[in-house]
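Everything below concerns the one structure shown next.
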Amino acid sequence: MISNVVAELEMQRAARELIAVTPDWLDTPPKVRLVTVPFVPNNSGTYPAVSPVVPFLVGTTGAPWELQYDAVEGDWKVVAPEPVGGWDFVSTDAGDSIVGFTVENAASNNWIGGNMFETPIPVTDAGQHIMLPNFSLPLADLLASAATPYALE
């Protein structure tokens, strides 16, 4: 079926805001974990059970998700606000390679999602930093699967 109704601007705004504050999902700060075991990003039943994955601590931010417009990509996203110092994960020991990350609601422990890296990151020493640029979820991807795996630049 071809769409034939153009959504009114105020209706679009209301729909975006409703998604951005979905109770028990996007209404509280996210919790991010680096993981060492492969999983299927859109199936939380495959997410690694170990939490947090050693040798990294869980990354959290004190603020809930924010609704932002990405002018470069031309779409709306819910974005995890950066904690002080950014999304900088520091190893406490050497260990397995990091293959991806998972994100959950810090208050309700509902899984938001995750992704796998194209190339695993080896953890070779204590004090190693893995800095990730952001955690964002395009609103369109809440209705359909996103592209995987995630390429680090």
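A few points about this structure:
- The stretch between residue 140 and residue 18, if pulled fully straight at 0.36 nm per residue, gains 42.5 nm over its current Cα-Cα span.
- The Cα-based radius of gyration of the stretch 14-130, divided by its Kirkwood radius, gives an Rg/Rh of 0.99.
- Residue order, fewest to most beta carbons within 10 Å, for 97, 91: 97, 91
- When DSSP beta bridges are restricted to pairs lying wholly in the chain, around 95% turn out antiparallel.
- Rel. contact order, % - alpha carbon contacts under 8 angstrom, at least six apart, the stretch 9-139: 30 percent
- Using just its DSSP H runs of length 4 or more, each adding -39500 (n - 2.57), the chain gives a mean residue ellipticity at 222 nm of -2500 deg cm²/dmol after division by all residues.
- Tilt relative to the chain, helix 9-20 - C-alpha long axis, 0 to 90 degrees, to 10: 30 degrees
- Förster radius 22 Å - calculated FRET efficiency between residue 63 and residue 88 (Cβ-Cβ, nearest 0.05): 0.85
- Once the chain from residue 125 to residue 151 is taken as fully extended at 0.36 nm per residue, the excess over their C-alpha distance is 7.1 nm.
None of the figures in this text is laboratory data; all of them are computed from the coordinates on show. What you see is a predicted model; the values in this text were computed from it and never measured. Every residue, glycine as well, gets a Cβ built from its backbone with ideal geometry; the counts of neighbours run over all protein chains shown.
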